[in-house]
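Q: Got a structure for you, written out below as structure tokens; questions coming shortly.
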């Protein structure tokens, strides 16, 4: 009887693993698709600001820079908002409460989860990296800073929601992402997102605090 129960548990775990892998693959596709759209836009933001910065001081027109860069930032925000909506709809059965505690202590990352963590790392590097870089550059240009600064700040919200949404669906990916970002010196950024989205409180309530100690 106990042997049957063990076999049943093992079979169920394999089924759950398959569902998790399929979800990780689906989410990877969503994030990678978003990256293919936002990376060129982030490069445009950087090249416009670099071109502006390279001009002689008397030739610089901050109003023209704002007109060039504003619609690009808005395009990035649109893609991130669409992606956030798609992530939220990828698995509507509210899985965290009934599955996040399963196999978390000895959770071995699957290739699908590693792919997803890499895609999220790329998104954070490109988007948050561009936000921080652009804000730093605009410090010297008050008009452009005034007009573009809030738009750049606004990009951080859907980015945080995407990371938080994925972590709610596949909590094991959070640890992977944390280690990847730590190796780049960006671990503090993820901790800020975890706090801002309330993930730290949710994980604590489920007894998963240790997952935040990557």
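Q: Please state, rounded to one decimal and in Å, the Kirkwood hydrodynamic radius that segment 111-151 gives when every pair of distinct Cα atoms enters the mean of 1/r.
A: Roughly 11.6 Å, rounded to one decimal.
Q: Here's something else I'd like to know. Taking a point 7 angstrom from the Cα of residue 48 along the C-beta vector, which residues in segment 117-139 have backbone N less than 20 Å away?
A: From segment 117-139, the list is 126-139.
Q: Right, something else. Would you mind calculating the gained length between residue 184 and residue 146 on full extension (0.36 nm times residue separation, minus the Cα-Cα distance), in nm to one decimal?
A: Taking 0.36 nm per residue and subtracting the Cα distance, the gain is 10.7 nm.
Q: Could you tell me the distance between the Cα centroids of segment 23-60 and segment 180-196, to the nearest Å?
A: 21
Q: Which order results if 182, 20, 15 are arranged by neighbouring Cβ count within 10 Å, fewest first?
A: 15, 182, 20
Q: Return the FRET efficiency for the residue pair residue 139, residue 82: r is the Cβ-Cβ distance, R0 is 30 Å, and the value is rounded to the nearest 0.05.
A: Computed FRET efficiency for residue 139 and residue 82: 0.45.
Q: Let me ask something else about it. Quick check: residue separation of residue 114 and residue 19 times 0.36 nm, minus the Cα distance between them. What number comes out in nm?
A: 32.6 nm
Q: Taking 0.36 nm per residue of sequence separation and subtracting the Cα-Cα distance, how much length would be gained by fully extending the chain between residue 70 and residue 191, in nm to one decimal?
A: 40.7 nm
Q: Determine, from the Cβ-Cβ distance of residue 59 and residue 153 and an R0 of 25 Å, the FRET efficiency 1/(1 + (r/R0)^6), rounded to the nearest 0.05.
A: Using R0 = 25 Å, I get an efficiency of 0.30.
Taken together, the values in this text are just the output of simple stated rules run on the coordinates, not laboratory data. What you are looking at is a predicted structure, and each value in this text was computed from that prediction instead of being measured. Every residue, glycine among them, receives a Cβ derived from its backbone with ideal geometry; neighbour counts consider all protein chains shown.
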